[in-house]
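Please treat every number below as a calculation from the coordinates, not as lab data. Computed from a predicted model, the values in this text were never measured in an experiment. Neighbour counts run over all protein chains shown; Cβ positions are idealised from the backbone, glycine included.
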Amino acid sequence: MNYNEEMKKIVNSFDSKKTILLHSCCGPCSSSVIERLKEYFDITVIYYNPNIEPLEEYLKRKDEQIRLLKELNIKYLDIDYLNEEYHDAIKGYEKEPENGARCPICYNLRMERTASLAKEKGYDYFGTTLTVSPHKPSKIINEIGLNLQEKYQIPFLVADFKKEDGYKRSIELSKKYNLYRQDYCGCAYSRRNNNEE
Ligand code: SF4
C-alpha cells in the first residue's frame, strides 16, 4: 500500500478539520508531521513513551516536545512516565537487537494507549509520528495502527511521514527551533547498542 497516497485521499475528503490525537516520539519527529497535518487536523499531541530511559533523558525529550508545541500553538495531552509498562510488555525480548522482535511490541504499546485514549476522549482520528524515522519500518507501524483501528473502532491515519522529504524537513525544523536531537532510539538496550557501535 502507498500510505501517503491513502493519507491524501483521506484528508482531501474532509469538508472541515478533524481532530486527531497524535502520538509523538519526540519533538524533532513531530515537527514535520505537525507541519504536514495542521491544515487538515486540529492536532493534540500525546507524548506517551515509557520506553525512553533513563528518566532524565525522558524528561529532556519531553521538555523539548512541550517547548516546540508551545511555539507552534499545538495542544498537548500529558501522561505520566510509566516505564514499568514498557518492561512488562517487552519481557523476554530484552536481548533482541534494535529493529528485532522487541520493537513492534514497543510501537504497539505506545500506539495502543493513544488509540484507547483517542476513543475515550472522542477524537476523530489517532496517529503516530513514528514513521518519520528512516530506522522505523512504516509497514509494521501502519499494520499495527490498522489493527488498533479495528480493536478500538477509531480511524488510524495511515502515513509514511519520512517520505516526500518528511525526514529531511524534520532536520531543518529541528535546526530552526534549536531542538535537542537524541543519538539513540530510547530504551536502555538501544542506548547500549549505539554506544557499542
Ligand atoms: S530500540 Fe526503540 S523501538 Fe525498539 S524497543 Fe527500544 S525504544 Fe522501542
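Charge tally for Ala89 (other residues, Cβ to Cβ under 13 Å; Lys, Arg +1; Asp, Glu -1): -2. Here the calculated FRET efficiency for Asn99 and Glu35, from their Cβ-Cβ distance with R0 = 22 Å, stands at 0.25, rounded to the nearest 0.05. Taking a sphere under 12 Å around the Cβ of Leu72 and counting the other residues whose Cβ falls inside, with K and R at +1 and D and E at -1, yields a net charge of +3. Look at the Cα gyration tensor of segment 132-187: its axes a ≥ b ≥ c give a/c of at least 1.5 with a/b over b/c, and that counts as prolate. With the cut-off at 1.5 for a/c, could you classify segment 54-162 from its C-alpha gyration tensor as rounded, prolate or oblate? Since a/c stays below 1.5, the shape of segment 54-162 is classed as rounded.
Here's how it looks for Thr19: its modeled amide H is under 5 Å from those of Asp42, Asp124, Tyr125, which are all 5 or more places away or on a different chain.
The local environment of Lys18, defined by Cβ-Cβ distances under 13 Å, has a net charge of -2 under the rule Lys, Arg +1 and Asp, Glu -1. Near Leu77, the amide H atoms lying under 5 Å from its own belong to Val45, Ile46, Tyr47; only residues 5 or more places off or on other chains count, and H is placed 1.01 Å from N.
For the chain, no complete DSSP H run has alpha carbons reaching 30 Å or more along its own long axis together with a mean Kyte-Doolittle score of -1.0 or higher. Annotation: lysines with alpha-carbon distance below 24 angstrom to Lys62 (same-chain offsets under eight excluded): Lys38, Lys70, Lys75, Lys119, Lys121, Lys136, Lys162, Lys168, Lys175, Lys176. The distance from the alpha carbon centre of segment 59-137 to that of segment 1-56 is 12 Å, rounded to a whole number.
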